[in-house]
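The values are calculated or read from the model by the stated rules, or taken from the named source; none is laboratory data. Here the structure is a predicted model, which means the values were calculated and not measured. Positions of Cβ are generated from backbone atoms using ideal geometry, with glycine treated the same way; all protein chains shown enter the neighbour counts.
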Amino acid sequence: MSQPASPAHPPRDFSTLISDRAGAIDVSGIRRAFELGGQLDQPINLSIGQPDFPVPEAIKKATIEAIEKDRNGYTLTRGAPELLDSVAKRLRQDVGWDLSSDDGIMHMITSGTSGALLLAYLAVLNPGDEVIVPDPYFVVYPAIGEMVGAKTVYCETYPDFRMTAERIEGLITDRTRMVLINSPGNPTGVVLSNQELQEIIELCRKRGILLVSDEIYDAFTYEESLEDGRFSTPARFGQDMLLVRGFGKTYGCTGWRMGYAAGPSAVIRQMMKLQQYTFVCAPSMAQVGLAGAFEVDLGEHIRTYQSRRDRVVAAFGDVTDLVQPGGAFYAFVKVPARLGLSSEAFFMRAIDRNVIVIPGHVFSRRDTHFRLSYAAPDEQLDRGLAILRELMGG
Ligand code: PMP
């Protein structure tokens with residue numbers, strides 16, 4: 001039997017039904033670079049924001065096993081008990097937080113790090129409240145500000161990309177509720193020092209502001225940027241902050257949407273309530289499968305990324321200004337002023353040569369740099385670096 005024809009409607013203009021909130025957010029510039037790159041034949045893709053190694057075997061197995069053992073239903077909103085236990089153990093060892101009772105501080109599992117950040121914004125910011133973020137920033141930060149009606153205040157960090165207490169202090173007003181920091185940073189790879197982080201948490205404490213630390217790249221911190229052999233975090237200087245970390249980048253499972261948050265119970269309880277009515281819970285099988293993740297040794301991958309970082313620094317050292325990235329897998333490279341090009345124009349020239357990077361205006365109010373991701377195979381990275389150097393006249 002043939003389907004009945006759908007009834008004809010006069011054309012309608014749905015754009016009149018779109019919220020101001022949605023209208024105020026641009027489609028991600030990263031997607032745009034992606035789409036342009038999609039039109040290239042075998043591009044050299046230095047734009048990817050995720051590791052190029054596969055999920056470690058043990059984690060794959062544990063996740064498949066979780067599905068087979070029927071761990072496919074909702075978990076508690078807060079998270080599956082085995083993963084909550086393993087995060088608590090990890091944070092005790094790493095930053096000395098005692099998460100064994102819910103007095104004072106708590107932790108929860110979230111749907112990606114983005115999920116944790118959105119819940120934090122929803123829990124803390126009223127319309128008109130101000131949140132201070134670095135510029136350059138990760139693209140999600142201003143977008144979620146729009147979603148909750150908060151005002152994003154940009155902390156200018158050029159040219160060294162260090163978001164310091166001194167730079168933050170002058171931006172604080174009586175509407176400031178949150179300071180968001182990101183070390184190692186996307187898109188710059190810059191790692192803040194213990195001293196800088198301690199000064200920031202002390203400033204937030206003094207001014208009654210919530211410090212949120214997005215530490216999604218904690219595992220990707222290179223040797224010279226570790227202090228006492230450890231990644232630096234404000235969490236070692238107090239528990240009066242919200243710590244946000246993820247599994248996606250660390251274990252190469254960005255599509256599993258897994259993260260966690262820990263901090264004051266008064267904030268986490270609100271985030272849990274909001275998660276209940278939005279994400280409901282993080283993906284069940286991924287939670288169970290990642291419960292043993294902290295045991296996995298990533299040393300070899302991190303050394304590979306460090307050596308790629310060194311190649312990037314060596315490639316650009318004599319042709320442009322580059323702040324040496326201490327972590328993550330990005331470099332934020334200045335388009336040499338002598339070229340007289342915006343980052344957008346440079347990006348188009350790179351596209352013409354089959355190389356995809358991301359223009360700096362996607363991450364910043366300035367248009368002077370581009371983001372290069374070195375989460376790409378060595379051979380591609382080397383070819384890409386040679387072309388970009390040539391475009392800079394090197
Ligand atoms: N924070 C930063 C700084 C990031 O770069 C990203 C991902 N690119 C996220 C958060 C979001 O990560 P997730 O995939 O865990 O939501």
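Just a few scattered comments:
- Against the conditions (1) within 16 Å of the ligand (Cβ to nearest atom); (2) outside any loop (DSSP other than H, G, I, E, B); (3) at pLDDT below 95, Q50 satisfies every one except (2).
- Here T110 does not fit the description of being among the polar types (S, T, N, Q) and surrounded by fewer than 16 Cβ atoms within 10 Å (Cβ to Cβ).
- Members of region 53-82 found to be among the polar types (S, T, N, Q) and over 19 Å from Q276 (Cα atoms), listed by number: T63
- Only listed residue being assigned by TED's automatic domain parsing to the domain that holds Q275, among the hydroxyl-bearing types (S, T, Y) and touching a helix residue (DSSP H, G or I) at 6+ places or on another chain (Cβ under 7 Å), chosen from T173, T152: T152
- Single match in G238, G208, G229 (criterion: on the phi > 0 side of the Ramachandran plot and in contact (Cβ under 8 Å) with a residue 24 or more places away in the chain): G238
- Summed over region 147-168, the residues that are within 28 Å of V335 (Cβ to Cβ) and crowded, with 17+ Cβ neighbours inside 10 Å give a count of 9.
- Sole exception among (1) surrounded by fewer than 18 Cβ atoms within 10 Å (Cβ to Cβ); (2) on the phi > 0 side of the Ramachandran plot; (3) in contact (Cβ under 8 Å) with a residue 12 or more places away in the chain for G340, by number: (3)
- Qualifying positions in region 175-216 - in a loop (DSSP other than H, G, I, E, B), of a type outside the set (V, I, T) and within 15 Å of the ligand (Cβ to nearest atom): S183, P184, G185, N186, P187, G189, L192, E215
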